[in-house]
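Read through the structure below, which is laid out as structure tokens, and then see the notes.
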Amino acid sequence: MTNDTPRAQLAALVRELAVVRGEVTLASGITSDFYVDMRRATLHHAAAPLIGHVMLDLLEEAGLGAGEIDAVGGLTMGADPVATAILHAAASRGLDVDAFVVRKEAKAHGMRRMVEGPDVAGRRVVVLEDTSTTGGSPLQAVEALREAGAEVAAVAVVVDRSTGAKERIEVEAKVPYLYALGLADLGLEG
């Protein structure tokens with residue numbers, strides 16, 4: 001595995017750590033014969049750094065690297081470790097990319113913010129998610145970020161399930177949808 005590309009190494013780790021076979025009902029309500037439990041990868045000592053670098057590379061290849069975007073993040077909790085991994089990967093390369101967290105609902109006390117972290121108003125951001133089925137969580141984050149004054153440049157997910165999230169996000173949010181790994185990369189297609 002050491003001679004594989006970071007993306008191939010990540011795919012192998014996600015297959016090993018996060019793919020759970022058996023019937024499951026997803027957050028979207030859709031039933032599936034497998035589940036990709038990305039927290040098992042995004043919070044893993046070897047997979048998390050790879051996620052940061054693979055996702056940063058994905059953004060750079062799409063013209064959304066440091067200098068083109070200011071920050072990354074998404075709806076808590078799936079996006080949180082992905083954003084942190086990208087923040088650390090960028091810092092290790094001497095690049096400035098901040099992270100943020102979008103709450104599911106505004107706090108009833110304190111600053112009552114929906115978006116936590118460095119202020120996103122007037123900044124160009126990318127919405128993240130670990131995996132997306134229908135696109136609901138990223139769309140909720142896009143809405144909150146636009147209300148907070150951010151310019152959303154894209155949505156980027158680690159694993160795309162090929163179940164309509166891309167099409168829905170590109171139509172409803174009118175931003176590009178990027179992903180690092182598809183079902184074929186995880187041996188779940190074909």
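The values are calculated or read from the model by the stated rules, or taken from the named source; none is laboratory data. The structure displayed is predicted, hence computed values, not measured ones. A quick note on method: Cβ atoms are made from the backbone with ideal geometry, for glycine too, and the neighbour counts reach across all protein chains shown. The protein model used for the area step is the full one, side chains on, heavy atoms only, and it has no ligands, DNA or RNA in it. Shrake-Rupley method; radii C 1.70, N 1.55, O 1.52, S 1.80 Å.
Key figures for this structure:
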| quantity | calculated |
| --- | --- |
| Residue under evaluation residue 69, criteria (1) in contact with a strand residue (DSSP E or B) (Cβ under 9 Å, 6 or more places away or on another chain); (2) surrounded by fewer than 19 Cβ atoms within 10 Å (Cβ to Cβ), criterion not met | (2) |
| Test: residue 52 is surrounded by 13 or more Cβ atoms within 10 Å (Cβ to Cβ) and more than 19 Å from residue 183 (Cβ to Cβ) | yes |
| Test: residue 60 is without any contact (Cβ under 8 Å) to a residue 24 or more places away in the chain and not basic (Lys, Arg) | yes |
| Strands (runs of 3 or more DSSP E) lying entirely in the range 1-91 (those with 2 or more residues that are over 28 Å from residue 114 (Cα atoms) and at pLDDT below 95) | 19-25, 31-36 |
| Checklist (1) open to solvent by less than 50 Å² (accessible area, probe 1.4 Å); (2) within 17 Å of the chain's Cα centre (by Cα) applied to residue 143, failing item | (1) |
| In the range 8-44, the residues that are open to solvent by 30 Å² or more (accessible area, probe 1.4 Å) and within 14 Å of residue 86 (Cα to Cα) | 43 |
| Filter pass, residue 161 being among the charged types (D, E, K, R), open to solvent by 10 Å² or more (accessible area, probe 1.4 Å), in contact with a Gly (Cβ under 9 Å, 6 or more places away or on another chain) and over 21 Å from residue 26 (Cα atoms) | no |
| Residue identified as modelled with pLDDT of 95 or more, in a strand (DSSP E or B) and within 17 Å of residue 100 (Cα to Cα) among 128, 178 | 128 |
| Close pairs from the range 151-171: first closer than 9 Å to residue 134 by Cα, partner open to solvent by 60 Å² or more (accessible area, probe 1.4 Å) and not in a strand (DSSP E or B), Cβ under 7 Å, at least 6 apart | 163/30 |
| Candidates 54, 82, 24, 72, filtered to the one that is β-branched (Val, Ile, Thr), over 25 Å from residue 148 (Cβ atoms) and in contact (Cβ under 8 Å) with a residue 12 or more places away in the chain | 54 |
| Residue 42 vs. criteria of a type in the set (S, T, N, Q), in contact with a Pro (Cβ under 7 Å, 6 or more places away or on another chain) and on the phi < 0 side of the Ramachandran plot | yes |
| Meets criteria (closer than 21 Å to residue 177 by Cα and not aliphatic (A, V, I, L, M)) for residue 25 | no |
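So that you can scan it fast, the table gives a plain yes or no per residue for (1) closer than 22 Å to residue 38 by Cα; (2) under 16 Å from the mean Cα position of the chain (by Cα):
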site: 64; (1), (2): no, yes
site: 67; (1), (2): no, no
site: 70; (1), (2): no, yes
site: 79; (1), (2): yes, yes
site: 93; (1), (2): no, no
site: 121; (1), (2): no, no
site: 129; (1), (2): yes, yes
site: 134; (1), (2): yes, yes
